[in-house]
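Here the structure comes first, spelled out in structure tokens, and everything after it is commentary.
Just so it is clear, none of the values below were taken in a lab; they were calculated from the coordinates. Fair warning: this is a prediction, and the values are worked out from it, not measured in the lab. Note: ideal-geometry Cβ built from the backbone for every residue, glycine included; neighbour counts use all protein chains shown.
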Amino acid sequence: MTNKILSQINPSLQKLVPYEPGKPIEELAREYGFSPSQIIKLASNENPLGPSPLALNALTKYLRQIHLYPDGNGYYLKKALASHLDIGVENIVIGNGSNEIIELLFHVFAMSDEDEVLFSKYAFAVYKLMAELFGVRFKEVEDCAFNHDLKAILNAISPKTKLIFIANPNNPTGTRVPNEELYEFLDKVPGEVVVALDEAYIDFVADPPQTLSFVKQKENIVILRTFSKMYGLAGLRIGYGVASKSVCCFLERARQPFNTNSLAQLAARASLEDNQHKLSTLKITEEGKKRLEEAFCQLGLRFIPSSANFILVHVGDGDFIFHELLKKGIIIRPMKSYGLAEWIRITIGTADQLSRLLEELPMALYSLKNIKSK
Ligand SMILES: Cc1ncc(COP(=O)(O)O)c(C=O)c1O
């Protein structure tokens, strides 16, 4: 690019390191000559059971109407969510994935490069990415053995602090904040500082915190949720935020007129009704987690006990293991971009997927050991 054009480009973008997503199945198929059906992806915390049959049915019925614009306001999905969560429709904003709600929060609350955003070390990568994109300062607060240190986050609040992100459970660590600790924290955060509680994985938690009741009392709490994980709709891109009516009004103003599509809205509505799909997902997640933990213990690998549908595990050289498994048609997530080059993150798959992984992982570790000993 010529310097003339480069000088016109937003300086924040010039510095920005793009998000590294899980490797797509089609990409691995192209690169290694696999057929997509031979590949298993345990890299992006998707639901290995796929979407709910109720969602698939709703989608099939609607396909002939996709020439029509969606309801930009997502009226029926909001209504379904309001009844599901026992809150008002005016407390809900629908987003193109919960990532969009994260972006909307920056549109609404990050005004100048003096503003500061706080999140924990090893928090979900998109918070930092958005802070960089919007040109606001951010502080990554030291964590405590892969757990959010809420006291340290409270201490880090300054008059410049606009937004705090708390992912609970967090990605990529999988750790959660004890409910009482979270309640105490929410009570102590000054009313002018917005706390975004990212609950992308909350459906996997047996005793989730009662955060919705905080939204009913406090204007500075925003909850973020998604249909990408438990509900198996990651490809459709749909999530939502829950906040006070006034905050929702501004989040709505900041969004694109048709930010979520009709198919995504419909599938999300149908998925909410499928409790069986949720129970089956919880069952395979719990069984798979136990199996992986036992296997890691046998292999002498350190892992972080997880409250979500993935596990962070120490393998010595994450990139090496990632590439070894790719050769076998298995996609996991190396963690170098998080500053955790010795770790990988594995999504809990079906029993068959985990069998394949556990067959290949010891070989990959063995190759690593051989290379290191040379
Ligand atoms: C903690 C966390 N928040 C938000 C998201 C974004 O999810 P989506 O945009 O698919 O709703 C993810 C996705 O991996 C996540 O791990």
Cα-projected label distance for A82 with Y19, points at 7 Å along beta-carbon direction, nm: 2.9 nm
Given +1 on the Cβ of Lys and Arg, -1 on the Cβ of Asp and Glu, and no further charges, what dipole in debye does the chain carry about its Cα centre, rounded to the nearest 20? 720 debye
Could you give the length gained by full extension between E273 and S158, i.e. 0.36 nm per residue of separation minus their alpha carbon distance, to one decimal place? 37.1 nm
Distance between Cα centroids, the stretch 334-348 to the stretch 305-332: provide it in whole Å. 7 Å
Lys/Arg Cβ at +1, Asp/Glu Cβ at -1, dipole of the stretch 53-272 taken about the Cα centre: which of F258, G191, T60 is farthest positive-ward? T60
Between L63 and K4, how high is the FRET efficiency from 1/(1 + (r/R0)^6) when r is the Cβ-Cβ distance and R₀ = 35 Å? Nearest 0.05. 0.15
Beyond 22 Å, what share of the Cα-Cα pairs of the stretch 53-272 remains, rounded to the nearest whole percent? 49 percent
Please arrange C248, C144, C297 by counting, for each residue, the other beta carbons lying within 10 Å of its beta carbon, fewest first. C297, C144, C248
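Could you tell me the calculated FRET efficiency between D71 and S37, based on Cβ-Cβ distance and R0 = 45 angstrom, to the nearest 0.05?
Working: r = 36 Å, r/R0 = 0.80.
About 0.80, to the nearest 0.05.
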Cα lying deepest toward the dipole's positive end in the chain, options L212, M1, V89, charges on Cβ: M1
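At R0 = 35 Å, how high is the FRET efficiency between L358 and S112 if r is their beta carbon distance? Nearest 0.05 is fine. Don't jump to the answer; show the numbers that get you there.
Working: r = 51 Å, r/R0 = 1.45.
E(calc), rounded to 0.05, equals 0.10.
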Principal axis extents for the chain, Cα atoms only, whole Å, descending order, please. 60, 54, 50
Given Cβ point charges of +1 (Lys, Arg) and -1 (Asp, Glu) and nothing else, what value in debye, to the nearest 20, does the dipole of the stretch 53-272 about its Cα centre take? 840 debye
For the stretch 99-195, which GluC sites (Glu not before Pro) are in a loop by DSSP, counting at most 13 other Cβ atoms within 10 Å? E114, E142, E192
Interchain or long-range residues, amide H under 5 Å from T226's placed H: Y240
Any idea what % of Cα-Cα pairs in the stretch 1-82 are farther than 22 Å? 64 percent
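Which whole DSSP H helices in the chain pass both tests: a Cα extent of 30 Å or more along the axis and a mean Kyte-Doolittle value no lower than -0.5?
Values: long enough: 275-299 (36 Å, -0.94); 351-373 (33 Å, -0.10).
TM-like helix candidates: 351-373.
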Near-label residues of the stretch 56-90 by backbone N, under 14 Å of a point 7 Å along Cα→Cβ of C249: 90
